[in-house]
Amino acid sequence: MKVIPLNKNETQLIARAIKNNRRAQQCLYDLHSGKMLSVCRMYVKDLHHAEEVMLNGFFKVFKYLANFKNEGSFEGWIRKIMIRECISFLRSEKSLEFKEEGLEDFDGSFNNIESDINVDEIQQIIDSLPEGYRVVFVMYAVEGYKHLEISKMLNINIGTSKSQLFKARKMLQEKLKTQNISGYGTVKI
Amino acid sequence: MGQLKFEKDFSKKLNKRKIEPKAGNWEELSARLNSAEKSKRPMFWWLGIAATIVGGILIFSILFNKPISETPVIVNTPEEEILKEKIESQQISFENPVSEEVAKPEKASVKPVENIFSGKEPVANSKLASMGKPQESSKTKSDQNQKYPELMKKTEISGIPEEVIAEASSKEIKTGKITDTEVDALLAEALTKIKGDRSGKFVSKNIDASSLLLDVELELEQSFREKVFDVLKEGYFKAKTAVVNRN
């Protein structure tokens, strides 16, 4: 019962924002900016840059708002725009590199470690990953994209996407192990 | 390969997270949006102005530089008028059956009388035959239609005057048997009647379409010849005067 009026409210806001109503646009910005900055921060290390990317993303959102069809959620639509904006930002910074590495030293199995760390620590661990690993890991593990979608969005092979994920997982597991041992949590295998 | 446990935890916590942006971010964004809108507006104005100028030039050129067309102007007459004209022309053709006969080639006629009569002259059309009939026989015709439908069909096609047929049929009914001599006599009588009718009402002259065409072509050729002769004559006289002047 509570969801329907909220959705109605959002669709009304979208309709008004399409007509360049600043108040409606501000309302939509206030509704989604917190989450979208969090999304951008997952991909972009620097918060200041992340905010810049988010603003660019919102500018595009309002520019192409008329193209939005009420087929999916509005949040999902904005999120996609933000991710694309992040990728193009990283490309412009020339920091997005995908090293074609073999998986010779990888045994194929992961210890299913449970983490008990807070969001800031998670962000710290993710930030410690190389750009390529981080982007593929976030897209796969957090956003829920498939390897095919990731390969299309990043213009890489599916194999490259998979190898980047393996490497990212391995690195994260090792980092989590050390963190758990150093007192942040307990090792649970 | 599914999500690992720590990945699930990561995504859960990260998706819940919200980072509040700086206070002045919205002002920055709205300023950008305003500038983008402003940059859009003048384009429309310029486009409108350009369109009006081009339109004005076009109208001016059309109004003041109207070329004098030597080609004939085609006027679209409405279909109703055309239909009326057609109907009028048809009426005229009904009034003057000879002209219709000329218009139609000989092959188009339904059936020549030769088939029934051993006589020589072919009757052009059943329509023509029916045109010349008196209206008195309408009653008797309807009676006969009922009694002898087959016979009536024949007469309609061949165009024999109905009086003759009615007479013949009445004789046939009376006697029951008709001899060959009687039949011949009847036929001869009918023929003479038909001839009499034709001479009085129609000009039963066969007009051949090909001969008509030939006549027209000959006329055209003659006129062309005359033209050529005229040109030659003019040339000759000019040359003659030039020679005389030179001398």
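The values are calculated or read from the model by the stated rules, or taken from the named source; none is laboratory data. Treat the numbers as computed from the prediction; the structure is a model and nothing was measured. Calculation scope for accessible area: heavy atoms of the full protein, side chains included, ligands and nucleic acids excluded. Shrake-Rupley method; radii C 1.70, N 1.55, O 1.52, S 1.80 Å.
The table below lists the values:
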| read-out | value |
| --- | --- |
| Violating pairs (Cα-Cα greater than 28 angstrom) within the set A:Lys94/A:Lys167; A:Lys35/A:Lys63; A:Lys80/A:Lys177 | A:Lys80/A:Lys177 |
| Solvent exposure ordering (accessible area, 1.4 Å, most first) of A:Arg169, A:Arg16, B:Arg246, A:Arg22 | B:Arg246, A:Arg16, A:Arg22, A:Arg169 |
| Computed accessible area, A:Thr160, all protein chains, 1.4 angstrom probe, square angstrom | 0 |
| Phi to ³J(HN,Hα) by Karplus 6.51 cos²θ - 1.76 cosθ + 1.60 over segment A:152-165, Hz, x for Gly, Pro | 6, 5, 9, 6, 10, 6, 5, x, 5, 4, 5, 5, 5, 5 |
| Estimated Rh, segment A:1-96: Kirkwood, alpha-carbon pairs, angstrom | 13.9 |
| Long-range HN-HN contacts of A:Leu129 with modeled amide H, under 5 Å | none |
| Protein heavy-atom accessible area occluded, A/B pair - total, 1.4 Å probe, Å² | 3600 |
